[in-house]
Structure formats: C-alpha cells, structure tokens
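Take a look at the structure below.
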Amino acid sequence: MKILVINTGSSSIKYQLFDMTKETVLAAGMAERIGSDSGTLSHTTMAADGTRNTIEITENLDHARGLARIAALLMDEKHGVIKDTSNIAAVGHRVVHGGETFKEPLIIDQHVIDEIEENTPLAPLHNPANLTGIRVAGSVFTNTPQVAVFDTAFHQTLPKQAYMYALPHDLYDTHRIRRYGFHGTSHAYVAGKAADFLNIPLEQLNLITLHLGNGASATAIRNGKSVDTSMGLTPLEGLVMGTRSGDVDPAIPFFLSRHLKMSLDEIDAIFNRQSGLKGLCGENDMRSVLEKADAGDDRARLALDVYAYRIKKYIGAYTAVLGRVDALVFTGGIGENASDVRERCCRGLAGLGIEVDPVRNKDAAALPRRISPGNTSVAVLVVPTDEELEIARQTQKKVLK
Ligand code: ADP
C-alpha cells in the first residue's frame, strides 16, 4: 500500500510517498515560495538500493500547479515511482488545529472540511493553508481517500484541570479558549518508539517527551496518554523556542501597548518571530547558538541557560504531575543532536532519578538509545521523530478500518 503524506503551508508543500509494506520512503520533496515568481520544487526519489535522484525546478507555482507538478513527477516516465495516481491508496494531510472536534484522524468529507474551517480562528495561519492542500489534493488525486491527521488530537486526553485557563469561564464556553497543545503526532510517535525500545507496553508507561526543534514542547504522558503539554491555545506557550518566547507574564503585552504604543501586530511579531533564542542572542538556529556560546559570547551562553532552565522547570512540573516517570525522551532537531543541550536540561536532576551518562550522551551510536546510566529510575532516551511516517501509519489505519 502506498500512502502520500502532505504538509501544506501558506507558501510551501512538503510531501513524502511511503510504501507501507516496509515503511520505506519512495519519494519526497518540497515546493517552496509558492505564490512568488521564483517558486522552487525539489523532488527526490529513493531507489531500493539507496540511490537518490534529485530534480530541482524553478517556476511560478501556486498550490494547485505545485501539487499537479508533484503528481506528474511521481508518475514521470524516467524518474517516477508510480504509474498512475490510483496507485496511491490514500493521501494523509497534516492539519494543525483540530480544536475540540477532532480526537483522532478522520477520512475527509465535506463535514470534516467545514469543521476544520470552523476551527480556523484558533489557527488563522495554518488551517486555511492545510485546507488549500486538501482541496487541491482532492482535484489531483480524484477518488483517492484523504485523511486528516491533527497536531492537536493526541492531547485531547488532557484532563480539564490541565486544559482550562483560569479566565472567565465564558471565554471557554463561547469561544473555546483553552489549552490544546501541538506536535501531537511527534509526541505520539516517540512515545510508541520509547515503549518498543524499553520493551514495555505503552499503556503501562509514564513518560515526559521533549520535542525540541524550531518549535518546542514538552508533554506528560500517563499510561500512554497525554495528560499535560506545554503549548496552549496556540504554539506560543511553554518552552523557549527558536523565535517564540514561550511562557511570559501575560501582562507584558499590556505594557508594550500602553507604554510603548505598539500595535497588536507588532506585539504578535515580537512574541512569535523576534523572541526565543533569537531574541536573547540574535540567533534562532541552535547550532549557531552553540557555536557562539563556545566562542565565549555571553548572550549566546545566556540563551542556552534560559532555554535549558525552562525545560528543567517543565521536567520538574511534569514529574509532579505524573508521580512516577519511567522515561524522559528527547527528540526533534535539537533533542536528537545537541548533546550539550540534553546534558544542561538534566543537570542537577539526580534527586528526581534523572541523570545523563556523559559518554553515552556524546556517543553517536544508533538511535533510539539510552543516555542515562543503567541504574537510574528514569531512563533518559534519545528517539528520532518521524511525523510523516506517523501520519502515514495513522492514514493507513484509517483507510484499512
Ligand atoms: P522543525 O521544528 O522545523 O522540524 P528541526 O526538528 O529540524 O526543526 O530542528 C531544528 C533545530 O535543530 C535547529 O535549531 C537546529 O539548529 C537544530 N539542530 C539540528 N542539528 C543540530 C546539531 N547537530 N546540533 C545542534 N542543533 C542541531
């Protein structure tokens, strides 16, 4: 069975075509700068012997032309990996905000489209782009079932005490203002992988999963289910990120508005695009932060301190939430690669049963792997995430049902 996974942004389409027999990627690529004259499409096919073949195209693309191009490349006589669009059993779409409506993946019909639209005020940038992807894919892959997999769905098991803000109840009743959480596909995937690695059923495991990429979030998982997570109504809440502040005093926007006369848009840009690592030291990419810190840059060192300190606070909080923690899982570009960051996040947590073995931490051995010493109560693991594969799996499960 072949499954195409699509992640549509306002100016990009990322995709991967999976052969689910062995969960291998047959082709993958990305169309970027859609809507500009210089849209680019990079398409790579992976042969069974590991050979890769990449084609780069620059042309004026919109979403519809971009996806039609992608379909044509998948079927291309020379480089193609399928004969016909009907070879694709289903298309899985990443949809950012499922609100309270969607607790699991769903086969897309008009009702699902209407509901995703309904949730647009909660994700004004992402949901309309995801819907464009769904509509365009429907016209290119006619008669192919399409499945929506929601970033928020895994966190729909949060108890009310964890998802309610202490705001007037009416804001929840009327406008559904509450905590939703994101990166659900990634947290779910690495939780499953950790269970496999530890050889313990997920339903018996309590985990703290840390997804540390450009965006970052922590999740407390009890018996395999998400019971708290650091992102909230939007992905702004929680950990320090590449350009997002994470937790701040909610009165800061009032100050910026009243005293500095900033507009809402300016404040939004500060918190979402000019804060986090970038705000603290001018660099949003962790590799650059680490390089600068190594070279003695005080602000980069401070950025690392603030970044790790915030994660530590969440580890402490979620240890209290869970009572017993079996494993702490690092994932995402930073979590998987930055041993220095992992060490800082766990430093001084021996009292909670969390320790990192310096040799195992730096070891570039195969992943997933355990980086804690053998005798600690909490297994500290590094588990690579694969959101696309998780979407493909959930899509397959849905169409096979
Ligand atoms: P996204 O959230 O966009 O999927 P990623 O999960 O790829 O992002 O994470 C991107 C982050 O991972 C960047 O901050 C990048 O610097 C960091 N990163 C990637 N490789 C390394 C590395 N070897 N060492 C430190 N940080 C890394």
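The values are calculated or read from the model by the stated rules, or taken from the named source; none is laboratory data. All of these numbers come straight from a predicted model, not from anything done at the bench. Positions of Cβ are generated from backbone atoms using ideal geometry, with glycine treated the same way; all protein chains shown enter the neighbour counts. All accessible areas refer to the heavy atoms of the entire protein, side chains included, with ligands and DNA or RNA removed. Shrake-Rupley method; radii C 1.70, N 1.55, O 1.52, S 1.80 Å.
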Query raised in the report: In the stretch 308-360, what count of residues is obtained for those that are small (Gly, Ala, Ser) and within 14 Å of the ligand (Cβ to nearest atom)?
Result: 6
Query - Residue selected from the stretch 189-226 under the condition open to solvent by 20 Å² or more (accessible area, probe 1.4 Å) and closer than 30 Å to residue 171 by Cβ, by the criterion nearest to the ligand (Cβ to nearest atom) - result: 214
Query raised in the report: Any idea which of (1) under 23 Å from residue 217 (Cβ atoms); (2) modelled with pLDDT of 95 or more; (3) in contact with a Gly (Cβ under 9 Å, 6 or more places away or on another chain); (4) open to solvent by 20 Å² or more (accessible area, probe 1.4 Å) is the one residue 108 doesn't satisfy?
Result: (1)
Query raised in the report: residue 284: modelled with pLDDT under 95, within 16 Å of the ligand (Cβ to nearest atom) and not basic (Lys, Arg), yes or no?
Result: no
Report task. Find the residue count for the stretch 231-285, including only residues that are polar (S, T, N, Q) and assigned to a helix (DSSP H, G or I). Result -> 2
Query raised in the report: Which of the residues spanning the stretch 59-87 are of a type in the set (Val, Ile, Thr) and crowded, with 19+ Cβ neighbours inside 10 Å?
Result: 70
Report task. Scan (1) in a helix (DSSP H, G or I); (2) modelled with pLDDT of 90 or more for the single condition residue 121 breaks and write down its number. Result -> (2)
Query raised in the report: List, please: which pairs have Cβ atoms under 7 Å, are six or more places apart or on different chains, and start with a residue in the stretch 328-351 that is farther than 19 Å from residue 221 by Cα and hydroxyl-bearing (Ser, Thr, Tyr) and end with one that is more than 8 Å from the ligand (Cβ to nearest atom) and part of a helix (DSSP H, G or I)?
Result: 339/361; 339/362
Report task. Tell me which residues, restricted to the stretch 286-296, are more than 19 Å from residue 235 (Cβ to Cβ) and part of a helix (DSSP H, G or I). Result -> 287, 288, 289, 290, 291, 292, 293, 294
Report task. Kindly provide the set of residues from the stretch 276-333 that are hydrophobic (A, V, I, L, M, F, W, C), open to solvent by 40 Å² or more (accessible area, probe 1.4 Å) and closer than 16 Å to residue 345 by Cα, ordered by number. Result -> 302, 306, 317
Query raised in the report: Are there any pairs with C-beta distances below 9 angstrom linking a residue in the stretch 153-169 that is under 10 Å from residue 180 (Cβ atoms) to a residue that is of a type in the set (A, V, I, L, M, F, W, C) and part of a loop (DSSP other than H, G, I, E, B), with the two at least 6 apart or on different chains, and if so which?
Result: 153/102; 155/182; 155/231; 156/102
Query raised in the report: Going by the conditions given, is residue 374 part of a helix (DSSP H, G or I), surrounded by fewer than 18 Cβ atoms within 10 Å (Cβ to Cβ) and more than 16 Å from the ligand (Cβ to nearest atom)?
Result: no
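Here's the yes/no breakdown for (1) of a type in the set (Gly, Ala, Ser); (2) in contact (Cβ under 8 Å) with a residue 40 or more places away in the chain:
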position	(1), (2)
6	no, yes
12	yes, no
17	no, yes
30	no, no
Query raised in the report: Among (1) open to solvent by 10 Å² or more (accessible area, probe 1.4 Å); (2) more than 13 Å from the ligand (Cβ to nearest atom), where does residue 386 come up short?
Result: (2)
